[in-house]
Amino acid sequence: MTDTAMPAVTRTIDARGSFCPGPLMELIRGIKEGQVGDVLAVLSADKGSKTDIPKWVEKAGHQLVGVFPRDGYDEIIVVKMK
Amino acid sequence: MSDTISFVLFSGTDDRLQAAAVMSAGAAALGKKVNIFLQYWALDAFRRDRIDLDHGLSPEAGEAGRAAVDALRAAGQASWKETLSQAKELGDVDIQACSLSMDLLHLEESDLDPLVDGVEGVTAFYISAEDGEIVFI
C-alpha cells in the first residue's frame, strides 16, 4: 500500500525512546483509550516491536494497515476493530 | 495454550528481574493472567526502601555485560519496576510475596513496594497457577 492510500491517522504514539515490549504496551494503552475505527500510528525504533506488533494486532483482532520504514524508525499503522 | 502463566522470581539481580518483567509484560499484552511469586532475593529487591537501588547483575554478565546493560538503560530502557507497573496497568498481573521468604527476611507487608499485591503461601500460589506453566527465574 502506498502512503497516499493510507487512512487518516487519528492518533500518533511516539514510542521511539522505548524498548521491547514498550512500543506494544503503548499501542495497547492507545487502543484501550480509543474508539472503534480509530487509526493509530506507532513510531518505533525497536526491532522486536516491528515483528511483535503485527503479530499482536492479528491475534487481538485489530487491523494492520502496514509497517512503513521511516528515517531510522518504523511507522506501524493499526485500525482498532473492536 | 493456557490463559494463565506464572513466574516464580528467586533471583534479585536487575538483569533477571528485567527479563522477568519483559516476559510478564508480553504475556499480559496477550491477555494472559500473569501470577508473579516473589521468593528470597527477588523479594528483597521489592522492598519499598530498596526497589529503586542498583541490585547488581548475574555473575556471568561480567564487565562487558555491565557496560551493555548500562548503555541500554542510558538509551532509555524502562526499568523492571516501570515495566511491571505498565504491565499491571494494561493487563491482569498479580504479584504475591512468598510468606516463608517474608519470615526469612523479617519483612512485614508494609515493608514492600505497592507493586506487590499481597502475601501468600506456596499452596495458594499453585492454586492461582491453575494448569498454566510455571517459570522459575
Item checked: Number of positions in region B:39-59 that are out of contact with any helix residue (DSSP H, G or I) (no Cβ under 7 Å at 6 or more places or on another chain) and crowded, with 20+ Cβ neighbours inside 10 Å -> 1
Notebook entry, point to check: Inside region B:78-95, can you point out the residues that are surrounded by fewer than 19 Cβ atoms within 10 Å (Cβ to Cβ), under 13 Å from the mean Cα position of the chain (by Cα) and touching a residue at least 12 places away in the same chain (Cβ under 8 Å)?
Noted result: B:Ser79, B:Lys81, B:Ser85, B:Asp94
Checklist line | Considering residues of region A:48-75 that are within 19 Å of A:Met6 (Cα to Cα), without any contact (Cβ under 8 Å) to a residue 40 or more places away in the chain and of a type in the set (Val, Ile, Thr) only, the residue surrounded by the most Cβ atoms within 10 Å (Cβ to Cβ) | finding: A:Ile53
Note to self: Residues that are of a type in the set (Lys, Arg) and under 15 Å from B:Ile137 (Cβ atoms): does region B:12-21 have at least one?
What the structure shows: yes
Item checked: Unique residue being touching a residue at least 40 places away in the same chain (Cβ under 8 Å), assigned to a helix (DSSP H, G or I) and surrounded by 14 or more Cβ atoms within 10 Å (Cβ to Cβ) when the list is B:Val22, B:Val8 -> B:Val22
Margin query: Taking the criterion of being surrounded by fewer than 16 Cβ atoms within 10 Å (Cβ to Cβ), out of contact with any Ser or Thr (no Cβ under 6 Å at 6 or more places or on another chain) and within 11 Å of chain A (Cβ to nearest Cβ), would at least one residue in region B:112-124 satisfy it?
Written below: no
Check: Hey, among the residues in region B:27-77 that are assigned to a loop (DSSP other than H, G, I, E, B) and among the small types (Gly, Ala, Ser), which one's farthest from B:Leu104 (Cα to Cα)?
Finding: B:Ala75
Notebook entry, point to check: So which pairs qualify, if the first residue must be in region A:8-21 and closer than 18 Å to A:Glu33 by Cα and within 12 Å of another protein chain (Cβ to nearest Cβ), the second must be surrounded by fewer than 15 Cβ atoms within 10 Å (Cβ to Cβ) and at pLDDT below 95, the Cβ gap must be under 6 Å, and the two must be at least 6 apart or on different chains?
Noted result: none
Margin query: Name the single residue that is nearest to B:Leu43 (Cα to Cα) among those in region B:89-118 being part of a loop (DSSP other than H, G, I, E, B) and touching an Asp or Glu at 6+ places or on another chain (Cβ under 7 Å).
Written below: B:Leu105
Checklist line | Those residues of region B:126-137 which are over 18 Å from B:Ala28 (Cβ atoms) and either among the acidic types (Asp, Glu) or assigned to a helix (DSSP H, G or I) (or both), in sequence order | finding: B:Tyr126, B:Ile127, B:Asp131
Notebook entry, point to check: If you check B:Gln86 against the conditions, is it within 14 Å of chain A (Cβ to nearest Cβ) and assigned to a loop (DSSP other than H, G, I, E, B)?
Noted result: no
Next item on the list: Could you tell me which residue of region B:65-77 is nearest to the other protein chains (Cβ to nearest Cβ), considering only residues that are surrounded by 14 or more Cβ atoms within 10 Å (Cβ to Cβ) and modelled with pLDDT under 95?
Entry: B:Gln77
Item checked: Flag for A:Leu43 being within 23 Å of B:Gln86 (Cα to Cα) and either out of contact with any Cys (no Cβ under 7 Å at 6 or more places or on another chain) or loosely packed, with under 15 Cβ neighbours inside 10 Å (or both) -> yes
Checklist line | So A:Lys50, is it within 14 Å of another protein chain (Cβ to nearest Cβ), outside any loop (DSSP other than H, G, I, E, B) and either on the phi > 0 side of the Ramachandran plot or of a type outside the set (Val, Ile, Thr) (or both) | finding: no
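The values are calculated or read from the model by the stated rules, or taken from the named source; none is laboratory data. The structure displayed is predicted, hence computed values, not measured ones. Neighbour counts run over all protein chains shown; Cβ positions are idealised from the backbone, glycine included.
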